[in-house]
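K.L.:
One structure follows; several queries about it will come next.
Just so you know, all these numbers are worked out from the coordinates, no wet-lab data involved. As the structure is a prediction and not an experimental result, all values here were calculated from the model. Cβ coordinates were reconstructed from backbone atoms using ideal geometry, including for glycine residues, and neighbour counts include every protein chain displayed.
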Amino acid sequence: MMDDKARNRLLLVLFLGVLMAALDIAVTGPALPAMTAQFGMSTSTASWIFGIYIVANLVSTPLLAKASDRYGRRTSFLASVVLFGIGSLVVASATDVTVLLVGRAIQGFGAGGIFPVASAVVGEVFPVEQRGRALGLIGAVFGIAFLVGPIIGGVLLIFGWPWLFWVNVPIVVLIIGLGLRLLPNTGGNEGKPFDVLGSALMSAILIALAYGLQGIGNQSVGMYAIVGALIAV
């Protein structure tokens, strides 16, 4: 049984994870012109910097949420953070458009598990009277990210756009180190069946929806910033 001090430390870990993922959407906008110029991308291709992240995010959210029910919250949360970190490394070191988009897809897939698993941890660890406050703080992260993200992105751009993604690496290491110590592995049920067919169908529907949004996004890259905000909601 956790005391209030332990729960507050746990909340800090969850807060950092969600903030890192939320900031990634907000800081990418300022870097888009520099990335487009470096790789010689058309507007349509550049829109996939947001689009493929959102497709992967939409697909992974239900998958990683279900995985946390089966394998435990700590395992799934940290796996999501690790995936996000790997994606950040790939993007930051990308030498062509294909590698860049693969990295963004990995990032999006990892980010898709961070918020729902964090919310599930709060629901299981915090008592009812503290749960609303904790969930409110985690939810407020998205507002903070979209407020300060463009400013942070603009500052990091001074050193080059890859630094918007390199900066995630030490944060990932910090979250993993703290998470291994502080996160309880609640929710695990190895005997619980994983609905492969249902997950596949859901993924197909979400991918089709995202591709439809891509058609709109080709006309306005800013559409993906809006969709990213909707994901946060």
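K.L.:
Mind giving me the nanometre distance, one decimal, between the label points for Ile144 and Arg9, set 7 Å out from Cα along Cα→Cβ?
P.N.:
It is 2.0 nm.
K.L.:
Per 0.36 nm of contour for each residue apart, how much would the distance between Ile158 and Asp69 grow if the chain were fully extended, relative to their Cα-Cα spacing?
P.N.:
27.8 nm
K.L.:
Work out the FRET efficiency for Ser93 and Thr43 from their Cβ-Cβ distance, taking R0 = 30 Å, and round it to the nearest 0.05.
P.N.:
Rounded to the nearest 0.05, the efficiency is 0.75.
K.L.:
With each label point set 7 Å from Cα along the Cα-Cβ vector, what nm distance links Ile151 and Leu180?
P.N.:
3.5 nm
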